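Have a look at the structure below, then the notes.
The values are calculated or read from the model by the stated rules, or taken from the named source; none is laboratory data. Model, not experiment: these values are computed from the prediction. As a convention, Cβ positions derive from the backbone with ideal geometry for all residues, glycine included, and neighbour counts pool all protein chains shown.
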Amino acid sequence: MAPGKAGAVSTNKKHTISVLVDNQFGVLARVSGMFSARGYNIISLCVGETENPAISRMTVTVRGDDNVLAQIIQQLHKLVDVIAVEDLTSTSFVERELVMIKVGAGSKRRGEVIQVANIFRARVVDLDPDTMTVEVTGSGEKVAACIEMMRPFGISELVRTGVIAISRAASGGNGQESD
């Protein structure tokens, strides 16, 4: 399939893109609409204010080859509300994701759930007689591993933030940090 066609981006390299935008009504819709109109699938999208309340940072995770990435960046630059676009993938950056997992954990299984949570430096954030909710923060790989380890307890509900990322200091190490 040609780059930009639906399904074409799912088999290639994962890219993490940081997009600074004006913090205004409708900007998210315009950016996500650009992806949709061109058939690019967004794996993850997180948006929040920066240190300047007039500017928001979008962290967008997509899959695609270098041509697809170049097209995405070019199209983002054309949007009037976009201030800056940076492909973090080829730079040194830190990424994190948060997930909350609600599992079946009656009194007999709570100790097991806590043991698994401790391995991932997760914490219990809610408890009732039949379930526990565990919160874990880390790289996508760490989050995915924790989810898999919680499956045997019976996941009744799960919510993920998606990836947030920030470039490292110029003097920092090379590559992506993981935990």
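Observations on the structure shown:
- Filter pass, Val134 being β-branched (Val, Ile, Thr), assigned to a strand (DSSP E or B), buried (at least 18 other Cβ atoms within 10 Å of the Cβ) and outside the structural domain of Asp22 (by TED's automatic domain parsing): yes
- Residue in the stretch 38-52 that is among the hydroxyl-bearing types (Ser, Thr, Tyr) and more than 16 Å from Val163 (Cα to Cα) present: yes
- Taken over the stretch 91-150, residues that are over 23 Å from the mean Cα position of the chain (by Cα) and basic (Lys, Arg) amount to 3.
- Scanning the stretch 31-61 for residues that are of a type in the set (Gly, Ala, Ser) and touching a Gly at 6+ places or on another chain (Cβ under 9 Å), we see that the one that is farthest from Ile72 (Cα to Cα) is Ser56.
- The residues of the stretch 90-131 that are charged (D, E, K, R) and buried (at least 17 other Cβ atoms within 10 Å of the Cβ), listed by number, are Glu95, Arg96, Glu97, Lys102.
- Looking only at the stretch 39-56, residues that are buried (at least 19 other Cβ atoms within 10 Å of the Cβ) and in contact (Cβ under 8 Å) with a residue 40 or more places away in the chain come to 1 in all.
- Qualifying residue in the stretch 101-111 (condition: of a type in the set (A, V, I, L, M) and either outside any strand (DSSP E or B) or within 25 Å of Ile42 (Cβ to Cβ) (or both)): yes
- Selection within the stretch 57-94 - touching a residue at least 60 places away in the same chain (Cβ under 8 Å), farther than 17 Å from Leu45 by Cβ and of a type in the set (S, T, N, Q): Asn67, Gln71, Thr91, Ser92
- Here is the figure for the stretch 92-111: residues that are modelled with pLDDT under 95, closer than 11 Å to Phe153 by Cβ and not basic (Lys, Arg) total 3.
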